[in-house]
Amino acid sequence: MNPIYKEIQKRILVLDGAMGTMLQQYDFTEEDFRGERFKDFPISVKGNNDLLSLTQPEAIKAVHKKYLEAGADIIETNTFSGTTIAMADYQMEDLVYELNYESAKLAKEVVEEFNLKTPNKKRFVAGSIGPTNRTASLSPDVNRPEFRAVTFNELKTAYKQQVEALIDGGADILLVETIFDTLNAKAALFAIEEVKEERKIDIPIMVSGTITDASGRTLSGQTVEAFLISVSHIPLLSVGFNCALGAEQLHPYLKRLSRETPFYTSAHPNAGLPNAFGEYDQTPQEMQALIEAYLQDGLINIIGGCCGTNPEHIKAIAEVAEKYEPRILVDG
């Protein structure tokens, strides 16, 4: 059995924070994104953070290292947009396998370095699987409600390629995250199950949805309970929520989730809500206090940060998580 099952019973595990927030500090130029290999690429690639795993690997490793030093038990690969569907924006569909493989490999190298230093505290690599920039449930054209920009099979094929590369690169866990459309997530889960069956392997799966408005629903209209029912048909390591909301706004939905699911629970909220400039102002101490309320309520098994969080936030979260026991599983 994967060692994470042993670790998650002992303590609350800490997930890392935002990759994008950290990469912004480097202020990479178009030339930095391109590196030598892509210097003559025909279109702009600035903003393609996944590409930095190939062109600026030391920066990616440095970010992973900072999160591990801050107390993270699980670090996510730099592969949030690592599908042919998302990479089509940059005409880089052909690079998808390599991007995922190299990103997982970079994360694994750093994790193994830390595991050697402290063999009594094991850390893990989560292969980050984002939602893509298309939705299978909704039409992008208000005048054509029947239209879909992507099909279930197209999503499944794209996710399968990503999953295979993440596993080959050394991911310990697969994290299907920031789910705004559960049909997209189901395509990812279907792809994972296919790979598991074909390779005769078992790999822990984390699923993390996104509540996008004050009514407590995902973008595709599901409540907490409906989302949970939709993804619970396969055995998961954990189910939870991330992004869109800050820790305070997420609290009531985590309560409902924790009460209903037989799986372990996770949360990695934003550092508050964005200000008028799209920036996140919540300090590590403010976020720590809000996260502590989750822990006091016994809602959490895995805790981390999303948009706007950095190693200082994760350090503060790790410090408070140490003081509490993990959530006890309920019978499904």
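The values are calculated or read from the model by the stated rules, or taken from the named source; none is laboratory data. All values reported here derive from a predicted model rather than from experimental measurement. Note: ideal-geometry Cβ built from the backbone for every residue, glycine included; neighbour counts use all protein chains shown.
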ask   = From the list THR178, THR182, THR157, THR132, which one is polar (S, T, N, Q), at positive phi and out of contact with any strand residue (DSSP E or B) (no Cβ under 7 Å at 6 or more places or on another chain)?
value = THR132
note = Restricted to region 124-166 and to residues being more than 22 Å from GLU197 (Cβ to Cβ) and in contact with a Leu (Cβ under 6 Å, 6 or more places away or on another chain), the residue modelled with the highest pLDDT is SER128
query = Is it the case that region 266-287 has a residue that's touching a helix residue (DSSP H, G or I) at 6+ places or on another chain (Cβ under 9 Å), over 17 Å from GLY17 (Cβ atoms) and at pLDDT 95 or above?
reply = no
request  = Considering each residue of region 123-171, count those that are basic (Lys, Arg) and without any contact (Cβ under 8 Å) to a residue 24 or more places away in the chain, and give that number.
outcome  = 2
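From the set of residues in region 281-325 that are part of a helix (DSSP H, G or I) and in contact with a strand residue (DSSP E or B) (Cβ under 7 Å, 6 or more places away or on another chain), which is surrounded by the fewest Cβ atoms within 10 Å (Cβ to Cβ)? Break it down stepwise before answering.
Restricting attention to region 281-325, the residues satisfying the condition of being part of a helix (DSSP H, G or I) are 284-296, 311-321.
Subsequent filtering for residues that are in contact with a strand residue (DSSP E or B) (Cβ under 7 Å, 6 or more places away or on another chain) retains 291, 294, 314, 317-318, 321.
Numbers: ILE291: 26, TYR294: 25, ILE314: 29, ILE317: 30, ALA318: 21, ALA321: 25.
Once the filter is applied, the top-ranked residue is ALA318.
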query = Within region 281-290, which residues are of a type outside the set (S, T, N, Q) and free of Cβ contacts under 8 Å to residues at least 40 places away in the same chain?
reply = ASP281, PRO284, GLU286, ALA289
key: Restricting region 2-32 to residues that are of a type in the set (Ser, Thr, Tyr) and under 28 Å from LEU299 (Cα atoms), the residue that is modelled with the lowest pLDDT   = THR21
message = Take ILE179 and tell me if it is at pLDDT 95 or above and surrounded by 18 or more Cβ atoms within 10 Å (Cβ to Cβ).
response = no
task = Could you check how many residues of region 122-176 are exposed (fewer than 15 other Cβ atoms within 10 Å of the Cβ), under 24 Å from ASN2 (Cβ atoms) and among the small types (Gly, Ala, Ser)?
result = 0
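Let's see how each residue does on (1) closer than 15 Å to VAL207 by Cβ; (2) out of contact with any Lys or Arg (no Cβ under 7 Å at 6 or more places or on another chain):
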{"site": "ILE234", "(1), (2)": "yes, yes"}
{"site": "ASN242", "(1), (2)": "yes, yes"}
{"site": "SER258", "(1), (2)": "yes, no"}
{"site": "PRO269", "(1), (2)": "no, yes"}
{"site": "LEU273", "(1), (2)": "no, yes"}
{"site": "ALA318", "(1), (2)": "no, yes"}
{"site": "ARG327", "(1), (2)": "no, yes"}
